[in-house]
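A short worksheet on the structure shown next.
None of the figures in this text is laboratory data; all of them are computed from the coordinates on show. Fair warning: this is a prediction, and the values are worked out from it, not measured in the lab. Here Cβ is always computed from backbone atoms with ideal geometry, including for glycine, and neighbour counts include all displayed protein chains.
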Amino acid sequence: MLILSRKQDQNVSFPDLGITVKILGVRGSTVRVGFDAPVEFKIVRGELPEAIPHDSKEHQIVQVPPELRHKLRNQLNSLSIATHLYKEQVAAGFHKEAEKVFKRQVELLESILEQNQISSEDAKYLEKKPNSILLVEDQDNEREMLAGLLEMHGYQVATSKDGADAIEHLENNPLPSIILFDMRMPRCDGPTAIRHIRKNEAYNQVKIFAISGTTPEDCFAQSENEGVNAWFMKPLNPGKLIDAMAVSCRT
């Protein structure tokens with residue numbers, strides 16, 4: 001185990017989480033600790049439970065999976081208890097005991113870092129952008145025009161020319177919120193790629209919208225169609241597509 005001492009103005013960083021904890025100062029029974037964290041992580045002062053509205057979008061944790069949130073809460077709870085104990089011991093004049101607790105706080109921080117709590121799968125969730133789209137379309141003209149339209153509505157758009165290209169993109173990039181699939185493509189068509197994607201639990205959060213000149217029944221068996229969240233017939237009504245995407249990105 002790596003054990004470090006920390007003085008005023010020194011910090012501990014968690015690069016996989018984008019969090020830095022800094023010891024700002026110790027005065028009497030008060031310890032000043034600074035947290036530098038991404039906006040996805042909600043930080044609430046315990047004495048101000050109503051300070052941050054629960055429905056405030058800018059403070060919601062929208063990108064961290066539940067099991068990871070639970071893990072982080074447990075670790076930060078241990079750190080919070082140790083901090084309160086340290087304050088009580090300093091106030092009571094138990095300086096040797098307080099020093100031990102302070103070292104324990106440092107050990108807690110270091111153990112979180114050392115354990116490498118963020119797996120590659122967790123990291124993909126953390127990187128997931130709430131308004132990002134992967135557009136999969138083999139026709140260059142249609143792909144460029146639809147990508148331009150989506151960008152006009154504020155979406156970050158990545159493009160792939162077929163299903164195989166889309167799968168490779170997913171394996172090497174942050175996850176999109178929605179994959180927009182044309183169904184009929186050479187080399188690897190929409191249904192083949194969707195079946196592959198839905199077998200991978202790491203992609204469960206990603207919505208899949210299909211665009212096709214045929215019905216779902218013509219492309220999938222009934223059970224397989226469950227992997228598609230929405231179906232849009234050609235000729236495409238762009239307004240309906242954009243409205244559906246806006247609703248999906250809010251949920």
Exercise for review: For HIS196 and ASN172, calculate 0.36 nm times their separation in residues minus their Cα-Cα distance, and state this gained length in nm to one decimal.
Suggested key: 7.1 nm
Point to revise | Cβ-Cβ FRET estimate between MET145 and ARG104, R0 fixed at 51 Å, reported to 0.05 | key: 0.30
Check your understanding: Counting only residues 5 or more places away or on other chains, whose amide H sits under 5 Å from the amide H of THR159 once H atoms are built in the peptide plane?
Key -> LEU135
Check your understanding: Put +1 on the Cβ of every Lys and Arg and -1 on every Asp and Glu Cβ in region 128-250; which of HIS196, ILE178, MET145 then has its Cα farthest towards the positive end of the dipole?
Key -> ILE178
Check your understanding: When LEU175, LEU149, LEU180, LEU135 are ordered from fewest to most other Cβ atoms inside 10 Å of their Cβ, what list results?
Key -> LEU149, LEU175, LEU135, LEU180
Point to revise | Added length on full extension, which subtracts the Cα-Cα distance from 0.36 nm per residue, GLU88 to GLN205 | key: 37.7 nm
Review point. When the chain is fully extended, how far beyond the present Cα-Cα distance does THR214 get from HIS95, taking 0.36 nm per residue of separation?
Key: 35.3 nm
**Study point:** Assigned charges on the beta-carbon of Lys, Arg, Asp, Glu; region 128-250 dipole about Cα centre (debye)
**Key:** 380
Practice item. Please work out the Kirkwood hydrodynamic radius for region 128-250, using every pair of different C-alpha atoms, and report it in angstroms with one decimal place. Key: 14.3
Exercise for review: Grab the beta carbon distance between ARG184 and ARG250, set R0 = 35 Å, and tell me the FRET efficiency rounded to 0.05.
Suggested key: 0.70
